[in-house]
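The values are calculated or read from the model by the stated rules, or taken from the named source; none is laboratory data. What you see is a predicted model; the values in this text were computed from it and never measured. Reconstructed Cβ throughout: ideal geometry from the backbone, glycine too, with neighbour counts over all protein chains shown.
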Number of protein chains: 2
Amino acid sequence: MTIADKPQNRPTLRDVASLAGVSVATASKALNGRDQVHPDTRARVLVAAEKISFTPNALARGLLAGQTGTVGLITGDLDGRFSLPILMGAEDAFGKGKMSVFLCDARGDSIREQYHLDALLSRRVDGLIVVGSRTDPRPSLGRNLPVPVVYAYAPSTDDNDLSLVPDDVQGAKDCVDFLISRGRRKIAHITGQPDYAAAQDRARGVDEGLSSHGLSLLGGAQFGSWTEQWGRTATARLIEQHPDVDGILCGNDQIARGALDTLRESGWDVPGRISVMGYDNWEVFTTGARPHLTSVDINLEALGALAARRLFEAIDGSSRSGIESLPCRIVPRETT
Amino acid sequence: MTIADKPQNRPTLRDVASLAGVSVATASKALNGRDQVHPDTRARVLVAAEKISFTPNALARGLLAGQTGTVGLITGDLDGRFSLPILMGAEDAFGKGKMSVFLCDARGDSIREQYHLDALLSRRVDGLIVVGSRTDPRPSLGRNLPVPVVYAYAPSTDDNDLSLVPDDVQGAKDCVDFLISRGRRKIAHITGQPDYAAAQDRARGVDEGLSSHGLSLLGGAQFGSWTEQWGRTATARLIEQHPDVDGILCGNDQIARGALDTLRESGWDVPGRISVMGYDNWEVFTTGARPHLTSVDINLEALGALAARRLFEAIDGSSRSGIESLPCRIVPRETT
DNA sequence: ATGTTCGCCGAAAACCTTTTCGGCAAGTTT
DNA sequence: AAACTTGCCGAAAAGGTTTTCGGCGAACAT
């Protein structure tokens, strides 16, 4: 019965018009705020539309206008940790009533990505945002797509595309400055797999930051994996080999979590004897830690917002290309 | 220039037809595998379509067919932990080439939810999946929507709607059985805020499970918050007041994480002296723990897949209502 | 009274695709 | 040779909306 009493064919502009006793042309103009329609007539149309709860068919409108007011966000993310904040940022930037953003998930699979691309293009989205789960360059979707594309977080390999990425090098430098401003001088770096651009960039930032202060890294950058386990192992080795260490910059929050665990179990006071910083500001890790973990926020909402603005500009005609880096932001908590 | 050389008006079926020297009717039939078209003609049309990389306009098709082959997924999730697995499950169940699922995020805000609902309905989706971030009942989207709706994870308050939820009561019972089969008898329960249905359901399952074995809970269910901090605090108190405890069922993985930390620091051997189980099977917590945490998977992909099937049935006419519970699955690791 | 402006409305075209149905030519049957 | 079937193709309608443009009546100027 829930099916039976559903209005099988939904109300159309023609229904509104006949109810209001006008033509569809006038009804359309009345609803869209065009002038050339008498105030009384407009009022009649509005109540008629309200009465039958008319919603304009976006398919027909899009077909005619050649624009749908829709942008697609294709993500390769598996758990939404990167893509949802970017989605939110983009939505906020587009503002309500204008453009809708719809997400679909390719799970890092290029077949699925192509499938979603086709689905979105055939539905005539006005633009695309492509999100990856690592900052390593990824293959371009192609040069002669019928709509503009912005790559977010994971840049395109093609310089003709526009990509937006967090500035990991500068973020890492900022961490160094932050620790040095807290009086730390013997700084180590524990990070993830060396084949990640994020690991390389952050390590480079740490190096350059220390160099600019005339310092150098304690024991060199320790590459491993992005896990708590590695954080624990590497930290245990670190404090044994370098008992004078007074700061650890970790490649992400999980490694930092592992570092904190090992330090606590070894009786090292944080932040009394040593400071620890994470990266990514994944809240479930930073505020679960003891003490709460100082980290670096990579501003994904801002990335999404800028992606939306750039897309809007491109839809309106002006186009950019290349890689744009966005600043990160240190979130001080209790480990520094 | 990237804009300038974009084909401003995309190829249409008319272009294909004129290139192949046939009418649009024949071109359509050729591309859609209809019979009534000569093999040679079909081949000509196909190469023509390929040549100008024609993609059919889904707007026009949907306008005509009254169906768009699209379902919308509205989530209230903030980090995608629940909604993305459900999205994936739904996609897999629909299968490729048939239906596309697009996600939009209301962030738990009913204004935004209404906005996205309107956006999806005006784009004439064929159905909706509504996902929440807690298992507490949520307000219905309404009874006379023009398309079928399935609520997943967070059920609707309206019994006329169809809702799919994980069976937390049975899941908790299974945990009890699991611990008892491992020889545990003195079992405690530490869980989250008492105003969460998930906390109540899981606590009830634990109670009922123990009763069915003639046992009872050690110290009663400990409600607190879904955090590591609470897991640590409650566990410290627990082992002080009940040194004979040999099993802790935690309301989620973060609480379990906190419990493990406190046990390790108190010198309790896990799983030698005591077993610990989490809930939700959030991998980043279960495999980061020492030892790796046994947990309960709430099968979100299966939930999404069933949502897709139910939606498909409803679109085809048959309709159900009420709440369907899906079984959970214990994932044994090293803490039991 | 004639011509002109102005305000408001409606018919029709356009967007792109799918499906129905009529038509035409070639081949088949009586 | 006439009647019929078969295979293939194309014209046209339909779907819902927006925009353009012509029209019509009323108010105004001469």
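Table for the structure above
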{"item": "Which listed residue, of A:76, A:66, A:62, A:80, is more than 11 Å from chain B (Cβ to nearest Cβ) and under 30 Å from residue A:306 (Cβ atoms)", "result": "A:76"}
{"item": "Filter pass, residue A:40 being away from every other protein chain (no Cβ under 14 Å), farther than 28 Å from residue B:67 by Cα, away from DNA strand D (no atom under 12 Å from the Cβ) and surrounded by fewer than 13 Cβ atoms within 10 Å (Cβ to Cβ)", "result": "yes"}
{"item": "Inter-residue pairs, beta-carbon under 6 Å, first farther than 23 Å from residue B:126 by Cα and small (Gly, Ala, Ser) and in segment A:10-25, second near DNA strand D (Cβ under 6 Å from one of its atoms) and assigned to a helix (DSSP H, G or I), 6+ apart", "result": "A:17/A:24"}
{"item": "When residues of segment B:236-257 are limited to those that are within 14 Å of another protein chain (Cβ to nearest Cβ) and touching a strand residue (DSSP E or B) at 6+ places or on another chain (Cβ under 8 Å), the one nearest to residue B:207 (Cα to Cα)", "result": "B:250"}
{"item": "Any hit, segment B:257-270, residues being buried (at least 24 other Cβ atoms within 10 Å of the Cβ), closer than 26 Å to residue B:103 by Cα and in contact (Cβ under 8 Å) with a residue 40 or more places away in the chain", "result": "no"}
{"item": "In segment A:17-36, the residues that are surrounded by 14 or more Cβ atoms within 10 Å (Cβ to Cβ) and within 10 Å of DNA strand D (Cβ to nearest atom)", "result": "A:17, A:24, A:26, A:27, A:28, A:29, A:30, A:31"}
{"item": "Subset of segment B:172-229 [β-branched (Val, Ile, Thr) and within 13 Å of residue B:249 (Cα to Cα)]", "result": "B:176, B:180, B:187, B:190, B:191, B:206"}
{"item": "Qualifying position, being among the small types (Gly, Ala, Ser), in contact with a helix residue (DSSP H, G or I) (Cβ under 7 Å, 6 or more places away or on another chain) and assigned by TED's automatic domain parsing to the domain that holds residue A:279, among A:183, A:214, A:205", "result": "A:205"}
{"item": "Residues of segment B:17-36 satisfying the condition of being part of a loop (DSSP other than H, G, I, E, B) and more than 10 Å from DNA strand C (Cβ to nearest atom)", "result": "B:21, B:22, B:35"}
{"item": "Test: residue B:230 is within 14 Å of chain A (Cβ to nearest Cβ), touching a helix residue (DSSP H, G or I) at 6+ places or on another chain (Cβ under 9 Å), in a loop (DSSP other than H, G, I, E, B) and modelled with pLDDT of 95 or more", "result": "no"}
{"item": "For residue B:25: the one exception among (1) within 14 Å of chain A (Cβ to nearest Cβ); (2) farther than 30 Å from residue A:320 by Cβ", "result": "(1)"}
{"item": "The lone exception for residue B:273 - which of (1) buried (at least 17 other Cβ atoms within 10 Å of the Cβ); (2) assigned to a loop (DSSP other than H, G, I, E, B); (3) of a type outside the set (Gly, Ala, Ser) it fails", "result": "(1)"}
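Yes/no matrix, rows are residues, columns are (1) out of contact with any helix residue (DSSP H, G or I) (no Cβ under 9 Å at 6 or more places or on another chain); (2) at pLDDT 95 or above; (3) among the basic types (Lys, Arg):
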| residue | (1), (2), (3) |
| --- | --- |
| B:75 | no, yes, no |
| B:97 | no, no, no |
| B:108 | yes, no, no |
| B:120 | yes, yes, no |
| B:130 | no, yes, no |
| B:144 | yes, no, no |
| B:159 | yes, yes, no |
